[in-house]
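Below is one structure, written out as structure tokens, with a few remarks after it.
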Amino acid sequence: QVQLVDSGGGLVQPGGSLRLSCAASGFTFNMYPMRWYRQGPGKERELVAALSSVGFSDYADSVKGRFTISRDNGKSTVYLQMNSLKLEDTAVYYCNVALHGNNYWGQGTQVTVSS
């Protein structure tokens, strides 16, 4: 079955960096767009970044120029490189794939930006 395993979160100071990973299995990874979402304290879940199967990427305005989404099809893994982190980036980050009308989610990884 489809499985997404998120990792790489942690505690970081403002201006720091983290790289999140999402290991996927149970579907033909290289054929599908992958997305990262986040949900901050008391906020709605929001789309952060998306990457198509052929390499086109898109970002939320709030992270443009700071975050980079990438994928390694050989490892069935999608990454989110986060630089210049801000306090407002604190959230649980979730990997997502939409397959045949269904949304699948990773378990989430906590990112806390704090001084």
*Wholly within the range 10-114, strands (runs of 3 or more DSSP E) carrying at least 3 residues that are of a type in the set (S, T, N, Q)*: 109-113
_Check on Thr109, of a type in the set (Val, Ile, Thr), closer than 27 Å to Gln1 by Cα and out of contact with any Gly (no Cβ under 6 Å at 6 or more places or on another chain)_ = no
*What are the residues in the range 24-62 that are farther than 15 Å from Leu99 by Cα, aliphatic (A, V, I, L, M), open to solvent by less than 50 Å² (accessible area, probe 1.4 Å) and more than 11 Å from the chain's Cα centre (by Cα), if any?*
Ala60
*asked:* Is it the case, given these coordinates, that Gly74 is modelled with pLDDT of 95 or more, of a type outside the set (S, T, N, Q) and surrounded by fewer than 21 Cβ atoms within 10 Å (Cβ to Cβ)?
replied: yes
*Scan of the range 64-100 for residues that are free of Cβ contacts under 8 Å to residues at least 24 places away in the same chain and within 15 Å of Val54 (Cα to Cα), ordered by number*: Ser70, Asp72, Gly74
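The values are calculated or read from the model by the stated rules, or taken from the named source; none is laboratory data. Since this is a predicted model, take the numbers as computed values, not measurements. Neighbour counts run over all protein chains shown; Cβ positions are idealised from the backbone, glycine included. Side chains are part of the model used for accessible areas, which takes the heavy atoms of the whole protein and leaves out ligands, DNA and RNA. Shrake-Rupley method; radii C 1.70, N 1.55, O 1.52, S 1.80 Å.
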